[in-house]
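**Student:** I have a structure here, written as structure tokens, and I will follow up with some questions on it.
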Amino acid sequence: MFTNRVTIVVGHFGSGTTEIALHVALRLAGTGVTVALVDLDVVKPYFRSRSARDFLTEKGVGVIAPEGELAHADLPIVMPAVRRALQDPAARVVLDVGGDPIGTRALGSVSDVIPVAETDHLLVLNFRRPYTETEDDAVVMARATEAAARIPLTGLISNTHLLGETTPEIVVEGYERAREVGSRLGLPVVAVGADEATRPLLDESTLGCLVLELTRLIRPPFEQSRFRPRVGPLFALN
Amino acid sequence: MAKKLMKGCEAIGEAAIHAGCKLFFGYPITPQNEIPEYMSHRLPQVGGTFVQAESEVAASNMLYGASGSGERVLTSSSSPGISLMMEAVSYLAGSELPVVIVNIMRAGPGLGGILPSQSDYFQATKGGGHGDYRLLVLAPWSVQEAADLVQDAFDLADFYRNPVMVLGDGLIGQMMEPVEFGAERVPCKLLAPKTWAATGCDGSRPTNIVNSLFLDPEVLEQHNIKLKAKYDRMVRDEVRFAEYFTDEPYDLLLVAYGTVARVCSTAIEDLREQGVKAGLIRPVSLFPFPYAAVRAAAAKAKAVLVVELSSGQMIEDVQLALRGAKPVYFKGRQGGMLISPDEVAESIREVLAGKAAEVVNG
């Protein structure tokens, strides 16, 4: 899965970029790969992958993100370690880029050291989000994101969902719309995200892409005790 | 309309547009920036106007002018920004202007931090600005309820000719949940035409003047008496609350609002499975506070536990409701730290086991 050395996950907040980046990093770590997760989210102040630092470290994922009090700041901090990781030919790196084309500017600032030939640069699409409700919106989002990133996209991840109210129909409809956007952009849909209930209904060979079974990791505090609590100021992780 | 996955801030913006709001004035501050961002994107699409003012002081006075012309107007900010608006809020109330103000609270005092809090309860419900005035204050606990209450807030503001505040903790602004907007919106109040608005006068009607200056003390007193009668009508007619786990017997009553009430609800549900019985009452209107409902619900419990993301500001209203009838306990977190269901469950156990310290005054 995503065999290139660098995996960059971009997309509007709410599309599922953080969940997918966490999923990819944890899956790699689970197969014994030494992987670093870069939290390049400079846009949204809450619900960032850095808040899961302890959990990720425990699972063998290195986390590159501001620490201490700066971890909670809404400041456009790009740490020197980000460039180091991208320039290290032996490092397997997953980048969680936050927000929208404006948030993607953080990625653009390190684009000079991104090994484009060894990089999967993937845009996550959720057609149930206000800013990407139509195929036209998604094309605009893709082009604007690419421009801000200063490197081309290599594929799309279809992740249309409504959190706990997602149905298989919503997932499949979103996948078909992502395919339409992909054909307009000349990009493949490389994966489709699905929850536990929808996963068995999807066949990778029919779809022609990976199916990522996404168990929601990041939950609001009122859902904590049902799952194994991880104490961060904002996060519950199961 | 199909359900969308929306951040609280986006849902608040869309709700305002759904309620016919065409004007937004504001200034950015975390954690509510997605409201102005959303409005700057959406208002031009519906023929509206978005203005990023040079400060919250300017934005709040732009509200005054725009509301005076009879339009539906919105501003939003977070705690320190709301403090800057307080002079204008008093003027808006004094001039009887309907506006909707959204406060997505962050931790204070001062600049504080950008993480969630409920420490503006006093400011919202007991004043903030000068003079005898009141705001209607509504506190949602979900993204859907935030969308619903913002729409109601516009109707209530117009009905009472008074500013209405929607008070959410930072999570309400930042978390995402599925939201639905009905196709046909029915106002929650029967609304009269705004014959008082300053819309430009061609001499065919008496001049409308929007004003809060009354130099004659007798006239100003009469104005205040009129306002007080209006606030009394709000107290009589606009109390909103919800109860949970109160159909079965309970030993302890929890009082919490906003997302904290959801945390309490999770804790109570978990404890029920273990035979520990607690109920929950959630004030939805913070002004007017549901005194009678809290008193009635507490009558069935041995004690009351208030849970807030503050040092315990709502305790005062709970004590007014109880009039000393039951002991009151408090559990809170501050500084942007959230409270977990486990912490609430632990507090419930401590109170019931007689190990917690009662809130004492003076």
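The values are calculated or read from the model by the stated rules, or taken from the named source; none is laboratory data. Keep in mind that this is a model prediction, so the values were computed, not measured. Virtual Cβ from ideal backbone geometry, glycine too; neighbours counted across all protein chains shown. Surface areas here come from the heavy atoms of the whole protein model, side chains and all, with no ligands, DNA or RNA. Shrake-Rupley method; radii C 1.70, N 1.55, O 1.52, S 1.80 Å.
**Student:** Restricting attention to region B:231-250, does a residue exist that is part of a helix (DSSP H, G or I) and surrounded by 17 or more Cβ atoms within 10 Å (Cβ to Cβ)?
**Tutor:** The answer is yes; a qualifying residue exists.
**Student:** A follow-up question, please. Being in contact with a helix residue (DSSP H, G or I) (Cβ under 9 Å, 6 or more places away or on another chain), of a type outside the set (D, E, K, R) and assigned to a strand (DSSP E or B): is that true of residue B:307 here?
**Tutor:** Answer is yes for this residue.
**Student:** Out of all the residues in region A:77-108, which are of a type in the set (Lys, Arg) and surrounded by 15 or more Cβ atoms within 10 Å (Cβ to Cβ)?
**Tutor:** Within region A:77-108, A:83, A:92, A:105 meet the criteria.
**Student:** Have a look at B:224, B:208 and point out the one that is open to solvent by less than 70 Å² (accessible area, probe 1.4 Å), part of a loop (DSSP other than H, G, I, E, B) and under 22 Å from residue B:89 (Cβ atoms).
**Tutor:** None of the others qualify; the one that does is B:208.
**Student:** Go through the residues of region B:335-352 one by one and say whether even a single one is more than 14 Å from chain A (Cβ to nearest Cβ), open to solvent by less than 60 Å² (accessible area, probe 1.4 Å), aliphatic (A, V, I, L, M) and on the phi < 0 side of the Ramachandran plot.
**Tutor:** Among the residues of region B:335-352, at least one is more than 14 Å from chain A (Cβ to nearest Cβ), open to solvent by less than 60 Å² (accessible area, probe 1.4 Å), aliphatic (A, V, I, L, M) and on the phi < 0 side of the Ramachandran plot, which makes the answer yes.
**Student:** Also, quick follow-up: Which one of the conditions (1) more than 14 Å from every other protein chain (Cβ to nearest Cβ); (2) open to solvent by less than 20 Å² (accessible area, probe 1.4 Å) does residue A:33 fail to meet, given that it meets all the rest?
**Tutor:** (2)
**Student:** Please return the ranges of strands (runs of 3 or more DSSP E) entirely within region B:1-118 where 2 or more residues are assigned by TED's automatic domain parsing to the domain that holds residue B:140 and hydroxyl-bearing (Ser, Thr, Tyr).
**Tutor:** B:73-77
**Student:** Quick check on my filter: what residues within region A:172-187 are crowded, with 16+ Cβ neighbours inside 10 Å and modelled with pLDDT of 95 or more?
**Tutor:** A:174, A:175, A:177, A:178, A:179, A:181, A:182, A:185, A:187
**Student:** Then there is this: Being outside any loop (DSSP other than H, G, I, E, B) and either within 14 Å of chain B (Cβ to nearest Cβ) or charged (D, E, K, R) (or both) is the filter here; which residues of region A:77-89 pass it?
**Tutor:** Correct list: A:83, A:84.
**Student:** Next question, about the same structure. List, please: which pairs have Cβ atoms under 6 Å, are six or more places apart or on different chains, and start with a residue in region B:29-47 that is within 18 Å of residue A:133 (Cα to Cα) and end with one that is open to solvent by 10 Å² or more (accessible area, probe 1.4 Å)?
**Tutor:** Between residues of region B:29-47 that are within 18 Å of residue A:133 (Cα to Cα) and residues that are open to solvent by 10 Å² or more (accessible area, probe 1.4 Å), the close pairs are B:39/B:50; B:40/B:50; B:42/B:17; B:43/B:50; B:46/B:17.
**Student:** Can you tell me which of (1) on the phi < 0 side of the Ramachandran plot; (2) touching a helix residue (DSSP H, G or I) at 6+ places or on another chain (Cβ under 9 Å); (3) among the hydrophobic types (A, V, I, L, M, F, W, C) is the one residue A:47 doesn't meet?
**Tutor:** It is condition (1) that residue A:47 fails.
**Student:** Which of the residues that make up region B:174-200 are closer than 30 Å to residue B:115 by Cβ and part of a loop (DSSP other than H, G, I, E, B)?
**Tutor:** Scanning region B:174-200 gives B:175, B:180, B:181.
**Student:** Has region B:30-47 got at least one residue that is more than 20 Å from the chain's Cα centre (by Cα) and on the phi > 0 side of the Ramachandran plot?
**Tutor:** Checked against the condition, which is being more than 20 Å from the chain's Cα centre (by Cα) and on the phi > 0 side of the Ramachandran plot, region B:30-47 yields at least one hit.
Residues checked against (1) farther than 26 Å from residue B:178 by Cβ; (2) touching a Lys or Arg at 6+ places or on another chain (Cβ under 8 Å); (3) touching a residue at least 24 places away in the same chain (Cβ under 8 Å):
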| residue | (1), (2), (3) |
| --- | --- |
| A:97 | no, no, yes |
| A:100 | no, no, yes |
| A:114 | yes, no, yes |
| A:137 | no, no, no |
| A:152 | yes, no, yes |
| A:161 | no, yes, yes |
| A:169 | no, no, no |
| A:175 | no, no, yes |
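**Student:** Which pairs have Cβ atoms under 8 Å, sit 6 or more apart or on different chains, and link a residue in region B:339-354 that is in contact (Cβ under 8 Å) with a residue 24 or more places away in the chain and hydrophobic (A, V, I, L, M, F, W, C) to one that is assigned to a loop (DSSP other than H, G, I, E, B) and open to solvent by less than 20 Å² (accessible area, probe 1.4 Å)?
**Tutor:** Pairs found: B:339/B:309.
**Student:** Quick check on region A:203-220: of everything there that is under 11 Å from residue A:192 (Cα atoms) and in a helix (DSSP H, G or I), which residue is modelled with the highest pLDDT?
**Tutor:** So the residue we want is A:204.
**Student:** Can you tell me which residue in region A:102-134 is nearest to the chain's Cα centre (by Cα), limited to those that are more than 14 Å from every other protein chain (Cβ to nearest Cβ) and polar (S, T, N, Q)?
**Tutor:** A:104
**Student:** Is it the case that some residue within region B:254-271 is surrounded by 12 or more Cβ atoms within 10 Å (Cβ to Cβ), more than 14 Å from chain A (Cβ to nearest Cβ) and either over 19 Å from the mean Cα position of the chain (by Cα) or under 30 Å from residue B:168 (Cβ atoms) (or both)?
**Tutor:** yes
**Student:** If the requirement is being surrounded by fewer than 13 Cβ atoms within 10 Å (Cβ to Cβ) and in the same structural domain as residue B:138 (by TED's automatic domain parsing), which of these qualifies: B:215, B:190?
**Tutor:** Result: B:190 is the single residue among B:215, B:190 that is surrounded by fewer than 13 Cβ atoms within 10 Å (Cβ to Cβ) and in the same structural domain as residue B:138 (by TED's automatic domain parsing).
**Student:** Looking at region B:282-299, can you tell me whether even one residue there is part of a helix (DSSP H, G or I) and aromatic (Phe, Trp, Tyr)?
**Tutor:** Checking region B:282-299: at least one residue is part of a helix (DSSP H, G or I) and aromatic (Phe, Trp, Tyr).
**Student:** Go through the residues of region B:42-52 one by one and say whether even a single one is of a type in the set (D, E, K, R) and open to solvent by less than 40 Å² (accessible area, probe 1.4 Å).
**Tutor:** No, there is no match, as no residue in region B:42-52 is of a type in the set (D, E, K, R) and open to solvent by less than 40 Å² (accessible area, probe 1.4 Å).
**Student:** Another question, if that's okay. Tell me, which residue of region B:6-27 that is in contact with a Ser or Thr (Cβ under 9 Å, 6 or more places away or on another chain) and within 11 Å of chain A (Cβ to nearest Cβ) is surrounded by the most Cβ atoms within 10 Å (Cβ to Cβ)?
**Tutor:** So the residue we want is B:8.
**Student:** Would you check which residues across region A:150-173 are within 30 Å of residue A:114 (Cα to Cα) and more than 10 Å from chain B (Cβ to nearest Cβ) and list them?
**Tutor:** Once the filter is applied, which keeps residues that are within 30 Å of residue A:114 (Cα to Cα) and more than 10 Å from chain B (Cβ to nearest Cβ), region A:150-173 yields A:150, A:151, A:152, A:153, A:154, A:155, A:156, A:157, A:158, A:159.
**Student:** Mind checking which residues of region A:45-76 are loosely packed, with under 15 Cβ neighbours inside 10 Å and either under 13 Å from residue B:115 (Cβ atoms) or not basic (Lys, Arg) (or both)?
**Tutor:** A:54, A:57, A:58, A:67, A:68, A:69, A:70, A:75, A:76
**Student:** Could you look through region B:305-325, keep only residues that are more than 21 Å from residue B:124 (Cα to Cα) and under 27 Å from the mean Cα position of the chain (by Cα), and pick out the one that is nearest to the other protein chains (Cβ to nearest Cβ)?
**Tutor:** B:305
**Student:** Sticking with this one: Return the total of residues in region A:15-30 being within 14 Å of chain B (Cβ to nearest Cβ) and open to solvent by 20 Å² or more (accessible area, probe 1.4 Å).
**Tutor:** 1
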